Amino acid sequence: MTKARGSLTVRRRKMSSTEDLDYPQLLFQYNNGFLVSKIMFTACELGVFDLLLESEGPLSSDAIAERLGTSASGMERLLDACVGLKLLGVEMKSEGAFYRNTELSNLYLTKSSPKSQYHNLMYYSKTVYLCWHYLTDAVRSEEEMIKFMYGLNAIWSICGRDVIGAFDLSPFTIIYDLGGCAGGLAQECISLYPNSTVTIYDLPKVVQVAKERFVPPEERRITFHEGDFFKDPIPEADLYILARILHDWADDKCMQLLAKIHKACKPGGGVLLVETLLNEDKTGPLETQLYSMNMLVQAEGKERTPAEYSKLLAAAGFREIQVKKTGKLYDAILGRK
Ligand code: ASE
């Protein structure tokens, strides 16, 4: 009696446990999590729930496949999986299986329901799902940021001298490099203008890495300012460098930033834009067109023509706008207050 009860207890505990090491159910359940999501997303996207809402009664899988233009065997498996997930009901008739929506799917998975979650599910299925493909990289984000900083800094050893030397910047003694990042351009700047001081203004996490890994501590003419130039104050200076910053942003954000810089700028001071410039008719250069497409993928901005940058500068109050093409990838535009 005691023995029997004991073994029952053991069995019951075994069956209900999700931590059974002989058969790790919990692990399999987690392993299959994204299969479950994708089945629901796919049935939604194909319009299964919409069709079953509109149809008079339950439908066979062949009828659903035909109406939705899918393969018959793929649809049958999708519908059966939805039944397994309790997103659909099924009844067996002599002609075969007939599927219907559950209350849950009628209420939330159809496009026309006032409580429809269709758009949320589609956003997950398309955008979030793709982003999660890179979850590992996102968790390693500090490493990613440092790689990005190395990647972006490298070009200044080739183009830095040309863009900094495009105009005589010697009258400007207090210089801020807004979004100056790893400091490659700031270093070019102080080597060409030894009487100036350059402050790299960037986000705290960027400044930390720049100090630790990029700018040698003995370089006393480069200082750092931690902040978000959209939200935090911008200190007064003679010259603000915006190298590869405006191309990250849409026109309204560029205007917001340039107006804020104009306010902070000393009279007679200026702003130096360093960007890759599109031809006025946008027919090239190809490299700039490619980079503009990349901004669509990676950021919120685009590459622009000299006229487009000049217009932004003028709207923010800058005048005497001069454009200098360097013949290399990055060019320079100077505006004065
Ligand atoms: C940015 C610059 C870059 C933001 C994202 C970026 C670069 C690559 N990704 O401000 C450097 C320029 N190269 C290209 C391909 O745009």
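The values are calculated or read from the model by the stated rules, or taken from the named source; none is laboratory data. These figures come from a predicted structure and were not determined experimentally. Please note: Cβ atoms are built from the backbone with ideal geometry, for glycine as well, and neighbour counts cover all protein chains shown. Just the protein is used for accessible areas: all its heavy atoms, side chains included, with ligands, DNA and RNA removed. Shrake-Rupley method; radii C 1.70, N 1.55, O 1.52, S 1.80 Å.
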Two-site label geometry, MET293 and VAL323: point separation in nm, points 7 Å out along Cα→Cβ: 2.3 nm
For segment 236-337, the fraction of alpha-carbon pairs in successive 10 Å shells from zero, as %: 17, 51, 28, 5
Neighbourhood charge, 10 Å Cβ-Cβ cut-off, centred on ILE190 and excluding it, Lys, Arg +1 and Asp, Glu -1: 0
At 1.002 mPa s and 20 °C, Stokes diffusion of segment 142-229 via Kirkwood alpha-carbon radius, µm² per second: 164 µm²/s
Net charge, LEU104 excluded, C-beta distance under 13 Å - Lys, Arg +1, Asp, Glu -1: +2
Residues of type aspartates and glutamates that LYS311 reaches as a straight line, Cα spacing below 16 Å, ignoring anything fewer than 8 places off in the same chain: ASP251, ASP252, GLU275, GLU280, ASP281, GLU303, GLU320
Considering only the chain, percent of DSSP beta bridges that pair antiparallel, nearest 5: 50 percent
Label point at ASN106 placed 7 Å out along Cα→Cβ; residues across segment 48-92 whose backbone nitrogen lies under 16 Å: 49-59, 87-91
Rounded percent of accessible protein surface that carbon and sulfur make up, the chain, 1.4 Å probe: 56 percent
Theoretical gain in end-to-end length, LYS211 to LYS253 [0.36 nm per residue, Cα-Cα removed]: 12.3 nm
Residue-normalised accessible area of segment 32-137, expressed per residue, 1.4 Å probe, Å²: 62 Å²
Helix 251-264 axis, angle to the chain major axis (alpha carbon atoms, nearest 10°): 40 degrees
Greater than 31 Å apart at Cα, pairs in LYS126/LYS263; LYS38/LYS205; LYS211/LYS253: LYS126/LYS263; LYS38/LYS205
Ordering of 174-183, 20-29, 67-76 by packing [mean C-beta count within 10 Å, highest first]: 174-183, 67-76, 20-29
Over the chain: helical MRE at 222 nm, DSSP H runs n ≥ 4 each giving -39500 (n - 2.57), nearest 500: -13500 deg cm²/dmol
Over the chain, volume per residue of the alpha carbon convex hull, in Å³: 249 Å³
Within-10-Å neighbourhood charge of ASP238 [Cβ basis; K, R +1; D, E -1]: +1
Compactness index (Cα Rg / 2.2 N^0.38 Å), segment 84-173: 2.29
